[in-house]
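Structure first, commentary second.
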Amino acid sequence: MASWTSSEFLYVEIKPPGIRFLERFKRSGKLSFKQYQALVFVLTFIAYLAFHATRKPNSIVKGTLSKPSTGHFKSTENSGWAPFDGPDGTALLGQIDLAFLSVYAVGMFVAGHLGDRLDLRTFLTIGMIGTGVFTALFGVAFWANIHSFYYFLAIQTLAGWFQSIGWPCVVAVLGNWFDKKRRGVIMGVWSAHTSIGNIVGSLIATGLLKFGWGWSFVGPALLITFLGIVVYLFLPVNPPAVEAERDGTEVDSTMRLGDTITESFLSSRMSTTGFDRRAVGFLAAWKIPGVAPFAFCLFFTKLVSYTFLYWLPFYVSQTEIGGEHLSQETSGNLSTLFDVGGVVGGILAGYFSDQLEGRAITAGGFIYLTIPALFLYRTYGHVSMTINIILMF
């Protein structure tokens, strides 16, 4: 148990109940440092995987919701769902995405500051369960026969707030346990949670779509709620919180803010008096070397990736591939190949960055290669299924 202080808050972190349970099966009565690292890696991985899984139903059901309807409140799968079944249906769906991402962006900044001052395990759990609740409420509209645009807008706005808690928390916890050595490979493998989460969310949402589009939201919502409980029971936030000690071969395992852009909001370090966490101000963060260029780099990368995240299944279903249109289910499953490519690319990028010892060169190189890949997919993706799959990957 460790005391944490700041100028505004004082709280004590208690060893998670799941850790105490696991220790009963250890002869030494405690887990090793490497076992804690493995546990942290897996738990933060599946936590953010679940966050991304709950973002995919929107893109999967877009085609179903926006199908033209012969009546104002037709709600069968073949007739769309008001208010999205009219001529401005896709524009309304786009407005919901915009509201989600706008709140998500602001919420990331707020969550980062709160994460410096709150118990990260509890804070992350709140984000996961809150995300599950509002993802499910979006799907509840199917059974409650809700057709108000403002209902969907409000639900997505609130979901954005809870979603924003995820990233600052998981990178902070991961940073407390891993050092700089081979960080490119570690982050490359770990960051696959984004793509795998998209794949899992797509498969769940697509598989449940035939039972009604509401289930496409409820499925991922139940997943993240369950995993949120697992995180609360087992996640060790930092070594002092679980009294973990490094062996003689371990080096300082703390990711400092100045070392890497991945810990963009939360600063952690070891001091002679214990594990000290200090909030980093907005202007101070921008003055850290590398933050500004990498932030803009990530901005434009996300501009592309979120376009694919929210609109790729819809685009595929509305585009003739090899002379025929694909069903919503097939389009959703096919779109997962984009994320399969993301898993492979992320791991390769991490490996190359370690070998070259050049993060910026690797990031810039991969981004420049994205430009012709996007152009080729737009120009030749419709020629045949094989070409579409290769270029999407």
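Give the residues of the range 288-337 that are in a loop (DSSP other than H, G, I, E, B), farther than 24 Å from ILE390 by Cβ and open to solvent by 50 Å² or more (accessible area, probe 1.4 Å), sorted by residue number. The answer is PRO289, and nothing else. The listed residues are ILE387, ILE367, and the only one of them that is in contact with a Phe, Trp or Tyr (Cβ under 8 Å, 6 or more places away or on another chain), modelled with pLDDT of 85 or more, in a helix (DSSP H, G or I) and within 30 Å of THR64 (Cβ to Cβ) turns out to be ILE387.
On the given criteria, is LEU92 open to solvent by 10 Å² or more (accessible area, probe 1.4 Å), touching a residue at least 24 places away in the same chain (Cβ under 8 Å) and in a helix (DSSP H, G or I)? Against the criterion (open to solvent by 10 Å² or more (accessible area, probe 1.4 Å), touching a residue at least 24 places away in the same chain (Cβ under 8 Å) and in a helix (DSSP H, G or I)), LEU92 qualifies.
Comparison of ARG269, ARG277 shows that the only residue that is at pLDDT below 60 and open to solvent by less than 30 Å² (accessible area, probe 1.4 Å) is ARG277.
The values are calculated or read from the model by the stated rules, or taken from the named source; none is laboratory data. Just so it is clear, the model here is predicted, and its values are computed rather than measured. Neighbour counts run over all protein chains shown; Cβ positions are idealised from the backbone, glycine included. Calculation scope for accessible area: heavy atoms of the full protein, side chains included, ligands and nucleic acids excluded. Shrake-Rupley method; radii C 1.70, N 1.55, O 1.52, S 1.80 Å.
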